[in-house]
1. State all residues of region 297-342 that are hydrophobic (A, V, I, L, M, F, W, C), surrounded by 15 or more Cβ atoms within 10 Å (Cβ to Cβ) and under 30 Å from residue 382 (Cβ atoms); if no residue qualifies, say none.
2. If residue 293 satisfies every condition in (1) buried (at least 19 other Cβ atoms within 10 Å of the Cβ); (2) under 30 Å from residue 460 (Cα atoms); (3) touching a residue at least 40 places away in the same chain (Cβ under 8 Å); (4) of a type outside the set (Val, Ile, Thr) but one, which is the exception?
3. Return the pairs, sorted by first residue and then second, in which the second residue is among the aromatic types (Phe, Trp, Tyr) and in a helix (DSSP H, G or I), the first residue lies in region 191-219 and is more than 17 Å from residue 503 (Cβ to Cβ), the beta carbons are less than 8 Å apart, and the residues are 6+ apart or on different chains.
4. Among the residues of region 358-377, which ones are in contact (Cβ under 8 Å) with a residue 12 or more places away in the chain, within 20 Å of residue 119 (Cβ to Cβ) and outside any helix (DSSP H, G or I)?
5. Among the residues of region 444-456, is there at least one that is at pLDDT 80 or above, in contact with a helix residue (DSSP H, G or I) (Cβ under 6 Å, 6 or more places away or on another chain) and surrounded by fewer than 19 Cβ atoms within 10 Å (Cβ to Cβ)?
6. For region 83-115, enumerate the residues that are modelled with pLDDT of 85 or more and outside any strand (DSSP E or B).
7. Does residue 294 count as farther than 23 Å from residue 501 by Cα and assigned by TED's automatic domain parsing to the domain that holds residue 200?
Amino acid sequence: MKNRLIHKKLLHRPILLRVLFLCCVFHLLAFPVPAQDKQEQLTPISLDETIRMARERSREALAARHRFRSSYWSFRTYRATYLPKLNLESTLPNLQRAITKYTLPDGEEAFIERSYISYAADLSLSKKVGALGGTLSLRSSLQRIDNFNDSMTTAWLSDPLTIGYTQPLFTYNAWKWDSKIAPLRFAEARKRYIQDLEDVSLKAVGYFFSLLQSEIRLKIARTNEANYDTLYRIATGRFNLGKIAENELLQLELSLLRARSELEQATLDQEITMFRLRSFLRMPEEARLFPVLPEAPPQSVLGVEEAIAAARENRPEALAMERQLLESESAYDQARANSRLNAQLFALYGLTQRSDQIREAYRNPQDQQQINVGIQLPIIDWGLARGQIRMAESDLELTRIGVEQQRIDFDQDVYLQVMRYAMMDNQFRIAGKADTVASKRFEVTKQRYLIGRISITDLNIAQTESDNAGMGYADALRQYWYNYFELRRLTLMDPAKREQLQADFESLMQR
């Protein structure tokens, strides 16, 4: 009787051991990732905050700011070129004592000793007359000479007012083309700055999601390492009891080693991506960032036609194409003007007087006039002018062809981006559903493996599919946000609010 009881206890012992093993499994799997303390030390950062900091602090944003400032001052320089200029020139004093050659009244040449000191002051006001291409000037001057020969004498020469005008005839009028090109170039610079900020936003999205994906990959690696460590320990006990074959135990050990290797690589990748984001945002080295998983971007309400119209109106490339045509037409006009008759008209009218005393130098001034017309006509240039015209004509035609192709590609890029963004919503939903299904399938497969219903191969397949689905969801979210900001960059318009993107240029120049 006693032997029967002992035999009965031995029969039930495997069942008790199995129950104990299952309890240990559920206890260990309840805490699969013990590395939460490290995340508590990290600083959470959202996608919006990353983009805001990038647009304010990144090297690319600062470079865009200075490029716009350079364009602003270039435009200011153009405008200042055609504003009145007031200049003062003076000689205080000019002392000379020398023997120089002098022509006598009878025409003979002689050497005489000269010793004098002179003073001069000249105040002039000039302005370019852009529409005509000429220059109008007003001038007032005063000169004094003190001679130190046999006796000291003083002489004054005054020009109270002199009006002069210089007018090129039949020549290239630079103002005509500058007045069209310079404002267009500045408007292009304003659009370019807004687009540069959108480029910064795209880079910020890339760096943010690189860190986010590395965090997800690290979390997956930690979970896998903890799960396989637990499974390996359980399998070791089951192998000692003869419940599984050595091949299955070795397969689990191999999976555990692979999981530990992937954990080390994921840890290194996470450090690298954090360093890159921190460097991009110009943050201190001790800062440790933890990206917060963002929601999906807002839905776009822009249709294809509306997006293309917005892009044509807002993007700097549209203005750049128009500017390129004007610059080519300007070069062609200049080549034609240089090949024909060039003439220049100079006219001057003023008042002048001389005296031994300064007061008398301003009394009863005499008038003075001067008219000068100079011409230049190429007679033989061995085809130089003709060659320059043909080159400018070819460059103009080439520019027109290039601009036409750019406009086709321009519209095509916008069209494809609208289609791509519209498709991303469905792709994102599919990726989210796949992640949920794959995670649930892995949990079910893991429980079935623990009770011995499936092989380790099926478990590995489920784990790989779960990992891929999790990373696929993160990648779909990344592509969704990237396409959202790419659509903003192509149209310079908020696709959700239908509002044109703006920048505070006044505060930009004050920084």
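1. Those that are hydrophobic (A, V, I, L, M, F, W, C), surrounded by 15 or more Cβ atoms within 10 Å (Cβ to Cβ) and under 30 Å from residue 382 (Cβ atoms): 331, 335, 337.
2. Evaluating residue 293 over (1) buried (at least 19 other Cβ atoms within 10 Å of the Cβ); (2) under 30 Å from residue 460 (Cα atoms); (3) touching a residue at least 40 places away in the same chain (Cβ under 8 Å); (4) of a type outside the set (Val, Ile, Thr) leaves (1) as the failure.
3. What qualifies is 203/280; 205/481; 205/482; 205/485; 206/482; 207/280; 209/481; 209/482.
4. 358, 365
5. There is no residue in region 444-456 that is at pLDDT 80 or above, in contact with a helix residue (DSSP H, G or I) (Cβ under 6 Å, 6 or more places away or on another chain) and surrounded by fewer than 19 Cβ atoms within 10 Å (Cβ to Cβ).
6. 83, 84, 108
7. So residue 294 does not fit the description; no.
The values are calculated or read from the model by the stated rules, or taken from the named source; none is laboratory data. Note that the structure is predicted; figures quoted are calculated from it, not measured. Note: ideal-geometry Cβ built from the backbone for every residue, glycine included; neighbour counts use all protein chains shown.
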